[in-house]
Amino acid sequence: MRIKTTFLQKKNRVWAIFAAFLLVTVASDALSAEIEIPSSFNPVGSGARALGMGGAFIAVADDATAASWNPGGLTQLKKPECSVVFSGLHRKEDISFGTNPEGDGMQSVSEEDLNYLSVTYPFEAWGRNMVVSLAYQHLYDFYREWEFTLNETVDDLSVSRRWEYDHAGRLSAIGLSYAVRVVPKLSLGFTLNFWDNDITQNEWKQKYHMNGIESSDDISFDRKLLARYRTYRFDGFNMNFGLLWRINYNLTFGAVLKTPFTADISRKEEQYWKVIESDSDIYTGSNIASKADKLDMPMSYGIGVHYNFSDALSVSADLYRTEWSDYIYKTEDGPDYSPITGRPISETSIDDTCQVRLGGEYRFMNKEKEYVVPIRFGVFYDPVPADGSPDDVYGISIGLGFTKNNFFSLDLSYQYRFGNNVGEIYLKHFDFSQDLDEHTVYASLIIYKW
């Protein structure tokens, strides 16, 4: 039998419930304060051929996707080329709450997208080979869908929260590239990257609903508690510089530098909440705000080597570094904080990351019928920046292609990216971690005559 309360007791209990609700709301900020990038934090170039080789392509960069890897490699193209790359992704995240095992479970998301599109035109001027290229490249994705329940006791109240969390969006750039062969064995190039939300949809959204607070005492309150929507729009500009040095037939060296830049962030927040006892509204509210923030994007740079053992077999290796310690979110009306942890910069320690990629390609050639069937393989280490030391994420890849001389190339590749006990920064106060399994398929078509 439920015990009736006096008006004053009831009012005090309402505010106790609402205080618990506010504690939950504060905790929810930890889930959305960071700029979450579920995809690789270290985006490289595009193309099924390159990614089938584990992304070790800085010193190769010899097809229509070259601008995304090393614009200096564009001078290897002899004829106009156009390329299109599609990708399909399935990511699984096995999340774990050390303090609340009832929230454990497998979460997954799938996405298909246009990954790359380019047109490349080589020409000769002043006795030198030159190339121009125009490309679209999808660089970061924000897709994540989580649903879980957490049970806690707050001020003698049994609190049950059902989370429904949806994170979606992308960042892409339009690149205008130019390359020139300075001397017979050395080429230089650059790309102007326009991250413009008016040209491509450079935005991401965080949406979550939190349902259900119930007390085990004399009053129960339930749903609906909280709905929050955050929309970020991203605009910026930076440059890539590339170098390709063909030392001899067997050995090639490549280098690339991506400049840091400050992006303009348009942030809109909407928050709605309601506390209900039975069918009567006890407390409702809403808040909508728009802010103009800044995001400092870090500098990154890499080197690569490519070695031809023969016309049929080649291997390559890349080393790539990103200075995530300079990745800073600057709010319009508050302190600078780390987009990785969601905490002020003074309370965060983020190390730079070094990515390692190794790959190879073996080509079965039929000179009479003028076609080539290459097979590819690759491995890579893709660390994710975190508070303290980076999270360890690894990957393997395989690929297959068909090239008809002077006409087209069709390539397919599969990439598996994985990591255990990563992502502790997301909900650290719940002793959170996750195991990552990401499967990606790439399909590329390059046309040499158009």
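Ligands, DNA and RNA left out, the accessible area of segment 104-189 computed with a 1.4 Å probe is 53% carbon and sulfur. Applying a DSSP loop filter and a limit of 14 other Cβ atoms within 10 Å to the chymotrypsin sites (Phe, Trp or Tyr not before Pro) in segment 87-187 leaves 126. Normalised by the number of residues in the chain, the mean separation of alpha-carbon contacts (under 8 Å, six or more apart) gives a relative contact order of 18 percent. Solvent-accessible area per residue in the chain equals 44 Å², computed with a 1.4 angstrom probe and all protein chains kept.
In the chain, helical runs assigned H by DSSP with n ≥ 4 each contribute -39500 (n - 2.57); averaged across all residues and rounded to the nearest 500, the mean residue ellipticity at 222 nm is -2500 deg cm²/dmol.
Computed from phi, the 3J(HN,Hα) profile of segment 235-248 under the Karplus parametrisation 6.51, -1.76, 1.60 (θ = phi - 60°) reads 9, x, 8, 8, 10, 10, 10, x, 9, 10, 10, 8, 5, 7 Hz, with x in place of Gly and Pro.
In this structure, the amide hydrogen of residue 393, modeled 1.01 Å from its nitrogen in the peptide plane, lies closer than 5 angstrom to those of 382, 384, counting only residues at least 5 positions away or on a different chain.
Round to a whole angstrom and tell me the spacing of the C-alpha centers of segment 34-65 and segment 380-397. Going from one Cα centre to the other spans 15 Å. Remark on segment 353-450: hydrodynamic radius 16.0 angstrom, per the Kirkwood mean of 1/r across alpha carbon pairs. The residue 153 and residue 271 beta-carbon pair, evaluated with R₀ = 25 Å, returns a calculated FRET efficiency of approximately 0.50.
When nucleic acids and ligands are ignored and a 1.4 Å probe is applied, residue 333 ends up with an accessible area of around 110 Å².
Along segment 159-171 the Karplus relation, 6.51 cos²θ - 1.76 cosθ + 1.60 evaluated at θ = phi - 60°, assigns HN-Hα couplings of 10, 10, 10, 9, 9, 10, 10, 10, 10, 8, x, 7, 10 Hz to successive residues, with x for each Gly and Pro.
Inter-label distance, residue 449 to residue 90: 3.9 nm, where each label sits 7 Å from its Cα along the C-beta direction. What the phi angles of segment 338-344 give under the Karplus curve with 6.51, -1.76 and 1.60, with θ = phi - 60°, is a coupling list of 7, x, 7, 9, x, 10, x Hz, glycine and proline written as x.
On the basis of the beta-carbon distance and an R0 of 30 Å, residue 354 and residue 211 show a calculated FRET efficiency of 0.10. For the Cα atoms of the chain, what angle does the longest principal axis make with the long axis of helix 7-32, in degrees from 0 to 90, nearest 10? In the chain, helix 7-32 runs at an angle near 10 degrees to the longest axis. For segment 48-92, the pair-distance distribution built from all alpha carbon pairs, in bins 5 Å wide starting at 0, is 5, 21, 28, 23, 13, 6, 3, 2, 0 percent. Computed over the alpha carbons of the chain, Rg followed by Dmax gives 25.8, 95 Å. The portion of the accessible surface of segment 280-331 made up by carbon and sulfur, rounded to a whole percent, is 54 (1.4 Å probe; DNA, RNA and ligands excluded).
Across the cross-link table entries 268/428; 79/369; 79/185; 92/268, which are compared at the Cα atoms, the separations over 23 Å belong to 268/428; 92/268. Loop exposure criterion: trypsin sites (Lys or Arg not before Pro), DSSP state outside H, G, I, E and B, at most 10 other Cβ atoms within 10 Å. Applied to the chain, the longest stretch between such sites is 5-366.
Charges were assigned to the Cβ only: +1 to each Lys and Arg, -1 to each Asp and Glu. The resulting dipole of the chain about its Cα centre is roughly 1580 debye. Specify whether the C-alpha gyration tensor of segment 72-151 places it in the rounded, prolate or oblate class, a ≥ b ≥ c being the square roots of the eigenvalues: rounded for a/c under 1.5, otherwise prolate if a/b is larger than b/c and oblate if not. Judged from the Cα gyration tensor, segment 72-151 comes out prolate (a/c at least 1.5, a/b above b/c).
The values are calculated or read from the model by the stated rules, or taken from the named source; none is laboratory data. Worth saying up front: this structure is predicted, and the values here are computed from it rather than measured. Positions of Cβ are generated from backbone atoms using ideal geometry, with glycine treated the same way; all protein chains shown enter the neighbour counts. For the accessible areas, the whole protein counts, side chains as well, though only heavy atoms, and no ligand, DNA or RNA atoms are used. Shrake-Rupley method; radii C 1.70, N 1.55, O 1.52, S 1.80 Å.
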